[in-house]
Amino acid sequence: MASAHTAPLGLAPGAAAPSGPPQEVAAAAPMPDVLPAVKPRKGFVGFIRRHPTIAIGGFLLLVMLLIAVFAPYLGTVDPTALAPARRTREPSAEYWFGTDMLGRDVYSRVLYGARVSLIVGFAVALLSSVVGLAIGLVSGFVRVLDGIVMRIMDGLMSIPPILLAIALMALTRGSVRNVVIAITIAEIPRVSRLVRGVVLSLREQPYVEAAVASGTRMPVIILRHILPNTLAPITVQATYICASAMIIEAILSFIGAGTPPIIPSWGNIMAEGRALWQVKPYIVFFPAVFLSVTVLAVNLLGDGLRDALDPRMAKRL
Amino acid sequence: MNRRDLLKATLAAGALAGTHGLSAPALAQGAAARTLRFVPQANLANFDPIWGTQYVVRNASAMVWDTLYGVDDQLVPQRQMVEAEEHSPDFKVWTFRLRPGLKFHDGEPVLAKDVVASLARWSVRDPMGQMIRAIQQELVAVDDRTLRWTLREGFPKMLWALGKTNTPIAFIMPERIAKTDPFQQIGEYIGSGPMRFVRDEWVPGAKAVFQRFDGYVSREGTGSWLAGPKRIMVDRVEWTVMPDPATASAALQNGEVDWWENPISDLVPVLRRNRNIMVDIADPLGNIGSFRMNHLHPPFNNVKARRAILMAMSQEDYMRALVGDDDKLWKPLPGFFTPGTPLYTEEGGDILKGPRDLDAAKKLLAESGYAGEPVTCLVAQDQPITKAQGDVTADLLKRLDMNVDFVATDWGTVGQRRAMKNPPGQGGWQVFHTWHAGADCVNPASYNAVRGTGDNAWFGWPKSEATEAAIARWFAAPDLEAEKLAIAQVNRAAMEDVVYAPTGFFLTYQGWRRNVSGIQKGPLPFFWGVSKG
Amino acid sequence: MLSYIVRRVLATIPVMAVVALFVFSLLYIAPGDPAAVIAGDQATPEDVERIRASLGLDRPFLIRFGEWAFRILQGDMGNSIFTNLPVTTMIAQRIEPTLSLMALTLLLAIFIAVPMGVVAAWKQGTIIDRAVMVFAVLGFSVPVFVVGYLLAYVFALELDWLPVQGYTSFSEGLWPWLENLILPAIALGGVYIALIARITRATMLEVLSQDYIRTARAKGVGQRGILFLHALKNAAVPIVTVIGIGIALLIGGAVVTESVFAIPGLGRLTVDAILRRDYPVIQGVVLLFSFIYVLVNLAIDLAYTLFDPRIRY
């Protein structure tokens, strides 16, 4: 498993650099060919300039959220309404994204599909963060449990997440809830490793030792000293988990182990359209674009957050 | 030479340097022409046609094992392994004599005792075989080439039972293999058919390979379907499993495979546009779609609720969802028997004809006492036919203001759950979908799904005394006229009691490269008579 | 050093045990009945019960786990419920395509991504850098099967440069083997390339800003020399770590890629087995994949000591 030296790298995308060279170097010897300098700006525009990834990512994600929330008002029809007589029509003025093989309006399905994909993404991110935090805290503090818990987490991590999710889905029937649970279980180990790493490194800190020595109770120590330091890495990790969850949901649906088709999600719209990819590519194309843009947005957001919160985190993630 | 070969040659010239001279594929041009590459309808996961009754297993087995009789395209059983047969006037004693010189793939001769063991195993699992077994007195090998089946009652349809295409087919295996318990898989795949199974190259889920058996003793004359000399005109047949229709379509267009068993109808126009590909109907006997209800529990334990479904359902919606926009591929089916066959009838099927009356259906449903309970529908997502039907049904039930509990699962789980008689809230079901090959619905002989024997019936357990009485009359019918009369009564009774709801009759295509000839239309792909080049 | 290696190797045993227990119990509580599928459409519930009993599916948990674990340790993974073939045979039949695909993807990814990351670091802040990063993020975001279909459509169908599906064994020649694997490897590698490029860039940037690089420059070694000799060696640790962790990604993505390109590998075997509830196969394959993952990471951890002598345990 990843050694303590480079701590949990998880599935998260690797590190991006800080937006400028550290101050000491810039003040010392300029190395224009290797590290060109970047001029900082002020204000909101400055914020956007300094953190373009947060801006773009956040904006795109917001658009997707709005689409998901306001889907019924954006010119859509019932996404499950069948009309086999009007199947596989090309995109036109009447059917903006065309119809699928059962005559359902692809535009409506894609817009409503945003709900499922976003719900899956956010729910998994939230759940796995909360549970992973709990496990990581316990593991970091209670030495006795640490070995066992970490072995279990390592065991779970060594099963490829997709296989784990498929296997869990095979146990039950397809539904959004089960997909969320299955993917969450696959993602928890990474979060718990991350939290445990933070806890372990913080536990040795003088102020923590001082707090323990002065008799502060454990929950207070956790709340006041440990938790704040975990928030930043967890938040960043959560965004990556969100992106990963959305892709895994698409793959689960592709294989036929995901959300049931009565609930449109980008994954299962693509899965249903894959046989017709050559003749009616729009059925796969539109949800693919929406999914890619959303995942891109979340990834950018994660990158930006990481840069903003603590560039040194880059290595740990 | 196509672009790919050109590119390959150019790059191979450079790559050759480090590869110890290993470059071109093992098969030279000539050898490639002697291998037929086929994409089957499903994965060949196991290879025991008596134990596992999936169609794909039957299709592969037809190459490897031979039968005593085989039906031709008129559904008349013809002699295959049998040279001559005799039966007593009351159809109670049947004697069969095998052709001389028949051999198994391992060189052993085919003896009557092998036939006896094979028939014994087959009759445990096959419905008609079970009927024979119930009245069996004795099944013995009289000598090396003769066997005799003595029954307590007459069974006129013996040749049909031995030569039919419905699974399980009465394949003849060596005695040692046929002695395997019918509820366990055989371990060896030796037969006397025109091709041998190359076990070493079998990758379940990916590939199955068959090699021509040069020791096959063809029978004289001509034939079609399971009857005839079964002459194999290629050296090898390779089955490549492709779960993704888009991939199979691309492979057929690229010439990477030669014959695709069931292209989906939406991809057929692309295939048709390709000058190197031919597309035609796969099986004129087609398929019948099925909306199967649970007669044991509400709401469908009340015939009014079942009739409401027949009133409201639109076979056109179901069929279009299944086969697409091509009108040649489907027919409405106001009955239970295969269109285009002698016994086809529409008697009693008026409820399925004409414009759909949703309000009348809702009224009938209310009269049946339906009060909004959830209706559990089991829909297998991994079978395109059941998936499409399931989607249409969910929509139909919603429009009838029924409360749909849509269980999207896989074919395996459906297979398990549909066998459960529990009430729906406790793991049971009220609706599931399936389909039947038209060849299986030609008459009631192997047609379990139309029987109304209640608790012993097929899943759904319909009880219809009128249907059973009419079926008994068919079994006893002495000639075609009497049979037709009986079948008309069966149809009417089954329709009135709604044994199940037929969703329509549909056909599927098959596609092959232009340089392949000899492909027949039939209930299974026949590899004899097919040549390449 | 030796004690570290021994400890590290021993540490994998409990991990594998956890995986084994987890895999086994997962499927034990699963609904869905392979016996029903095997019995077929015409079977009665009694038939199904007989098949279940004959397959031994009705005995208690601990007994089955104990027997199973014992046999696994002897190298016997049992027989597939559906094909009756030994699971080890089925795996052996399918392992070459999957390993080939993963190896080729790995090679492609490293040879594309590492230079990409280096160049992006070198030209940090310029359009090249942005382009590389955008490309990398795109690599994460577009689902594998969409990329696969696109590639197949363009390169195989339209341009006819490469075959659309299938797998040719290496024994039949280098080019035929490569031919079938190029498109799948590119499709599968997208995510991997993105990951590696990003982490390469990040660590390169960090390394480049360190003092000893300035010293090297001051000593007069050429710029290219600086980058490739010193920086890369120090960036090796995180890159190699990511490669190790990314193996899990590869395995997962292989499942989809094998389906799109009809490659008869382990990924497809696993998915088919899971959807059919072919327990022995599922257990065998998941165990195998986990074992590969554990081994690779073990090798990487041990390799750290080569790259960075500061790491000691």
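Given the condition outside any strand (DSSP E or B), closer than 22 Å to residue A:270 by Cβ, in contact with a Phe, Trp or Tyr (Cβ under 8 Å, 6 or more places away or on another chain) and more than 14 Å from chain C (Cβ to nearest Cβ), answer yes or no: does some residue in the range B:277-292 qualify? No - not one qualifying residue is present in the range B:277-292. The set of residues from the range C:173-184 being of a type in the set (A, V, I, L, M) and surrounded by fewer than 24 Cβ atoms within 10 Å (Cβ to Cβ) comprises C:174, C:178, C:182.
Would you confirm whether or not the range A:76-99 contains a residue that is at pLDDT 85 or above, over 30 Å from residue A:278 (Cα atoms) and surrounded by fewer than 18 Cβ atoms within 10 Å (Cβ to Cβ)? No, the conditions are met nowhere in the range A:76-99. Of the residues B:467, B:503, the single one that is of a type in the set (S, T, N, Q), at negative phi, outside any loop (DSSP other than H, G, I, E, B) and in contact with a strand residue (DSSP E or B) (Cβ under 8 Å, 6 or more places away or on another chain) is B:503. Might you let me know whether the range B:310-320 holds any residue that is touching a residue at least 40 places away in the same chain (Cβ under 8 Å), closer than 30 Å to residue C:161 by Cα and surrounded by fewer than 20 Cβ atoms within 10 Å (Cβ to Cβ)? Within the range B:310-320, none of the residues are touching a residue at least 40 places away in the same chain (Cβ under 8 Å), closer than 30 Å to residue C:161 by Cα and surrounded by fewer than 20 Cβ atoms within 10 Å (Cβ to Cβ). Tell me yes or no: at least one residue of the range B:183-195 is outside any loop (DSSP other than H, G, I, E, B), closer than 17 Å to residue B:65 by Cα and at pLDDT 95 or above. Taking every residue of the range B:183-195 in turn, at least one turns out to be outside any loop (DSSP other than H, G, I, E, B), closer than 17 Å to residue B:65 by Cα and at pLDDT 95 or above.
The residues of the range A:255-302 that are at the interface with chain B (Cβ under 10 Å from one of its Cβ atoms) and part of a helix (DSSP H, G or I), listed by number, are A:255, A:268, A:271, A:272, A:273, A:274, A:275, A:276, A:284.
Taking the range B:68-99 on its own, how many of its residues are outside any strand (DSSP E or B), more than 25 Å from the chain's Cα centre (by Cα) and either under 14 Å from residue B:147 (Cβ atoms) or without any contact (Cβ under 8 Å) to a residue 60 or more places away in the chain (or both)? Spell out the reasoning first.
Start the filter on the range B:68-99 by keeping residues that are outside any strand (DSSP E or B), which leaves B:68, B:72-76, B:80-81, B:88-92, B:99.
Okay, now just the ones that are also more than 25 Å from the chain's Cα centre (by Cα), so B:88-92, B:99.
Filter again for either under 14 Å from residue B:147 (Cβ atoms) or without any contact (Cβ under 8 Å) to a residue 60 or more places away in the chain (or both), leaving B:88-89, B:99.
Residues in the range B:68-99 being outside any strand (DSSP E or B), more than 25 Å from the chain's Cα centre (by Cα) and either under 14 Å from residue B:147 (Cβ atoms) or without any contact (Cβ under 8 Å) to a residue 60 or more places away in the chain (or both): 3 in total.
The set of residues in the range B:255-270 that are closer than 27 Å to residue C:265 by Cβ, touching a residue at least 60 places away in the same chain (Cβ under 8 Å) and more than 12 Å from chain C (Cβ to nearest Cβ) comprises B:258, B:259, B:260, B:261, B:262, B:263, B:264.
Just for the range B:37-67: of the residues that are assigned to a helix (DSSP H, G or I) and at the interface with another protein chain (Cβ under 10 Å from one of its Cβ atoms), which one is nearest to residue B:102 (Cα to Cα)?
Here is the first cut: in the range B:37-67, the ones assigned to a helix (DSSP H, G or I) are B:55-64.
Still in the list and also at the interface with another protein chain (Cβ under 10 Å from one of its Cβ atoms): B:55, B:57.
Details: B:55: 27, B:57: 24 Å.
The qualifying residue nearest to residue B:102 (Cα to Cα) is B:57.
Take the conditions (1) at pLDDT 65 or above; (2) surrounded by fewer than 16 Cβ atoms within 10 Å (Cβ to Cβ); (3) aliphatic (A, V, I, L, M); residue C:26 misses just one of them, which is (2). Would the range B:201-214 turn up any residue that is buried (at least 19 other Cβ atoms within 10 Å of the Cβ), within 13 Å of chain C (Cβ to nearest Cβ) and within 15 Å of residue B:234 (Cα to Cα)? Yes, there is a match, as at least one residue in the range B:201-214 is buried (at least 19 other Cβ atoms within 10 Å of the Cβ), within 13 Å of chain C (Cβ to nearest Cβ) and within 15 Å of residue B:234 (Cα to Cα).
Residue-level analysis places residue A:62 among those that are part of a helix (DSSP H, G or I) and either at pLDDT 75 or above or acidic (Asp, Glu) (or both).
Inspect all residues belonging to the range C:63-77 and state whether any of them is aliphatic (A, V, I, L, M), under 30 Å from residue C:167 (Cβ atoms), more than 14 Å from chain B (Cβ to nearest Cβ) and surrounded by fewer than 19 Cβ atoms within 10 Å (Cβ to Cβ).
Going through the range C:63-77, the residues aliphatic (A, V, I, L, M) turn out to be C:63, C:69, C:72-73, C:77.
Retained after the next criterion (residues that are under 30 Å from residue C:167 (Cβ atoms)): C:72, C:77.
Subset that is more than 14 Å from chain B (Cβ to nearest Cβ): C:72, C:77.
With the extra rule that they be surrounded by fewer than 19 Cβ atoms within 10 Å (Cβ to Cβ), the set shrinks to C:72.
Yes.
Restricted to the range A:155-252, the set of helices (runs of 4 or more DSSP H) holding at least 1 residues that are buried (at least 24 other Cβ atoms within 10 Å of the Cβ) and more than 14 Å from every other protein chain (Cβ to nearest Cβ) comprises A:176-203.
Listed here are the residues, each with its yes/no results for (1) out of contact with any helix residue (DSSP H, G or I) (no Cβ under 9 Å at 6 or more places or on another chain); (2) farther than 21 Å from residue A:237 by Cβ; (3) at pLDDT below 85.
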| residue | (1), (2), (3) |
| --- | --- |
| A:183 | no, no, no |
| A:188 | no, no, no |
| A:195 | no, no, no |
| A:202 | no, no, yes |
| A:207 | no, yes, yes |
| A:212 | no, yes, yes |
| A:219 | yes, yes, yes |
| A:222 | no, no, yes |
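Filter the range C:127-176 down to the residues that are among the small types (Gly, Ala, Ser) and touching a strand residue (DSSP E or B) at 6+ places or on another chain (Cβ under 9 Å) and list them by number. Within the range C:127-176, C:166 is the sole residue that qualifies. Apart from one condition, residue C:195 fits all of (1) at pLDDT 85 or above; (2) under 21 Å from residue C:252 (Cα atoms); the exception is (1). Search the range B:215-254 for residues being within 14 Å of chain C (Cβ to nearest Cβ) and free of Cβ contacts under 8 Å to residues at least 12 places away in the same chain, and hand back the single one that is farthest from residue C:148 (Cα to Cα). Taking the candidates together, the pick is B:254.
Could you check, for the range B:362-383, whether at least one of its residues is charged (D, E, K, R), free of Cβ contacts under 8 Å to residues at least 40 places away in the same chain, in contact with a Gly (Cβ under 7 Å, 6 or more places away or on another chain) and within 14 Å of chain A (Cβ to nearest Cβ)? There is at least one residue in the range B:362-383 that is charged (D, E, K, R), free of Cβ contacts under 8 Å to residues at least 40 places away in the same chain, in contact with a Gly (Cβ under 7 Å, 6 or more places away or on another chain) and within 14 Å of chain A (Cβ to nearest Cβ). Within the range B:422-453, restricting attention to residues that are closer than 18 Å to residue A:172 by Cβ and either of a type in the set (Gly, Ala, Ser) or in a helix (DSSP H, G or I) (or both), the residue that is nearest to the other protein chains (Cβ to nearest Cβ) is B:427.
Looking at the range C:133-141, can you tell me whether even one residue there is part of a helix (DSSP H, G or I) and more than 10 Å from every other protein chain (Cβ to nearest Cβ)? I'd like the intermediate steps shown before the answer.
As a first pass, look at the range C:133-141 and keep what is part of a helix (DSSP H, G or I): C:133-141.
Filter once more, keeping what is more than 10 Å from every other protein chain (Cβ to nearest Cβ): C:135.
Yes, the conditions are met somewhere in the range C:133-141.
Scanning for something of a type outside the set (S, T, N, Q), assigned to a loop (DSSP other than H, G, I, E, B) and surrounded by fewer than 22 Cβ atoms within 10 Å (Cβ to Cβ), does the range B:111-131 turn up at least one residue? Steps first, please.
The initial filter retains those residues of the range B:111-131 that are of a type outside the set (S, T, N, Q), namely B:111-117, B:119-122, B:124-129, B:131.
Going one step further and asking which of them are assigned to a loop (DSSP other than H, G, I, E, B), we end up with B:111, B:126.
When the remaining residues are screened for being surrounded by fewer than 22 Cβ atoms within 10 Å (Cβ to Cβ), the result is B:111.
Scanning the range B:111-131, I find at least one residue that is of a type outside the set (S, T, N, Q), assigned to a loop (DSSP other than H, G, I, E, B) and surrounded by fewer than 22 Cβ atoms within 10 Å (Cβ to Cβ), so the answer is yes.
For the range C:146-153, the condition of being buried (at least 21 other Cβ atoms within 10 Å of the Cβ), facing another protein chain (nearest Cβ under 9 Å), touching a residue at least 12 places away in the same chain (Cβ under 8 Å) and closer than 20 Å to residue A:282 by Cβ holds for at least one residue. Filtering C:202, C:187, C:262 for residues that are facing chain A (nearest Cβ under 9 Å) and either closer than 27 Å to residue A:286 by Cβ or modelled with pLDDT of 75 or more (or both) leaves a single hit, C:202.
Within the range B:101-110, can you find the residues that are in a loop (DSSP other than H, G, I, E, B), in contact with a Lys or Arg (Cβ under 7 Å, 6 or more places away or on another chain) and farther than 13 Å from residue B:143 by Cα? Quick ask: steps written out before the conclusion?
First pass over the range B:101-110, keeping only residues in a loop (DSSP other than H, G, I, E, B): B:101-102, B:104-108, B:110.
Restricting the remaining residues to those that are in contact with a Lys or Arg (Cβ under 7 Å, 6 or more places away or on another chain) gives B:105, B:110.
Within the range B:101-110, just B:105 meets the criteria.
The values are calculated or read from the model by the stated rules, or taken from the named source; none is laboratory data. Small disclaimer: the values here were computed from a predicted structure and weren't measured. No Cβ is skipped: glycine too gets one built from the backbone with ideal geometry, and neighbour counts run over all protein chains shown.
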